[in-house]
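Just below is one structure, and these are the notes that go with it.
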Amino acid sequence: MTTAARSRPQMRFRGRSFMAFSLAPEAPVAGWLHDLDVWMRNSAGFFAGRPVVLDLTSLALSGSAIQHLVGELESRGIRIMGIEGADPGDFAGHLPPVLRGGRPASTGEGGESGRAAAASKRTEPTSLMIETHVRSGQSIVFPGGDVTVIGSISSAAEVIAGGSIHVYGAIRGRAMAGANGNPQARIFCSCVDAELLAIDGFYRTADDLEPGLLNRPIQAWLEGATLMIAPFD
């Protein structure tokens, strides 16, 4: 072995986790794509630069059908990083890899591993305060707890929180609370004219907001699978 070979640094591999959004198409796929198009018109650029996993657990698709679906999503600017719920032998290798062992993001912790994780995170903040406006094009992601915005969330801006979202000003962009699977999260703001409000993955867009709620203080919460919004005067 040469001196150069002996002095070469060892290659190191480290694990790293990211929050990915999961898309779970439903049959008929053409109808699901139509609904996705309607949603994206109200949330332009939402998937730009975001890791997305395609969950096919509830569908039985051939390899060619999966390839067609991935192509349809990519044509909409949605890049799929992996596929769940499919057999890798059913499609060609040039498609995104099959992922296994994924689980919904959750704020709950249990058992010894949960207690160990909780102990290791005791020094991490459980809330985030933003003392300025969240300006157009900005994306604030805080999966660790609640987010409070002293200013407003501008159009084409977004705040994503693992807990609740409190906005002292107006929400004109997107506010997504409970992003870690927390159905108890809420959204509060002094004035709503939002592009999108969501809690634990259930959402309402600008077209779904009753005219009587616009430009008023509101709170939003979940009742089952329904996102409720009411004045908060």
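Brief remarks follow.
- Number of the exception - Asn215 against (1) surrounded by fewer than 15 Cβ atoms within 10 Å (Cβ to Cβ); (2) out of contact with any Cys (no Cβ under 6 Å at 6 or more places or on another chain): (2)
- Against the list (1) crowded, with 20+ Cβ neighbours inside 10 Å; (2) more than 20 Å from Val141 (Cβ to Cβ); (3) of a type in the set (Gly, Ala, Ser), the condition Ala225 fails is (1).
- Test result for Ala198, crowded, with 18+ Cβ neighbours inside 10 Å and either assigned by TED's automatic domain parsing to the domain that holds Arg50 or part of a loop (DSSP other than H, G, I, E, B) (or both): no
- One residue stands out in segment 23-61 among those that are of a type in the set (S, T, N, Q) and surrounded by 15 or more Cβ atoms within 10 Å (Cβ to Cβ): the one that is farthest from Gly77 (Cα to Cα), namely Asn42.
- All positions within segment 175-229 that are farther than 14 Å from Glu158 by Cβ, modelled with pLDDT of 90 or more and touching a helix residue (DSSP H, G or I) at 6+ places or on another chain (Cβ under 8 Å): Val192, Asp193, Ile229
The values are calculated or read from the model by the stated rules, or taken from the named source; none is laboratory data. Worth saying up front: this structure is predicted, and the values here are computed from it rather than measured. Backbone-built Cβ (ideal geometry, glycine too); neighbour counts: all protein chains shown.
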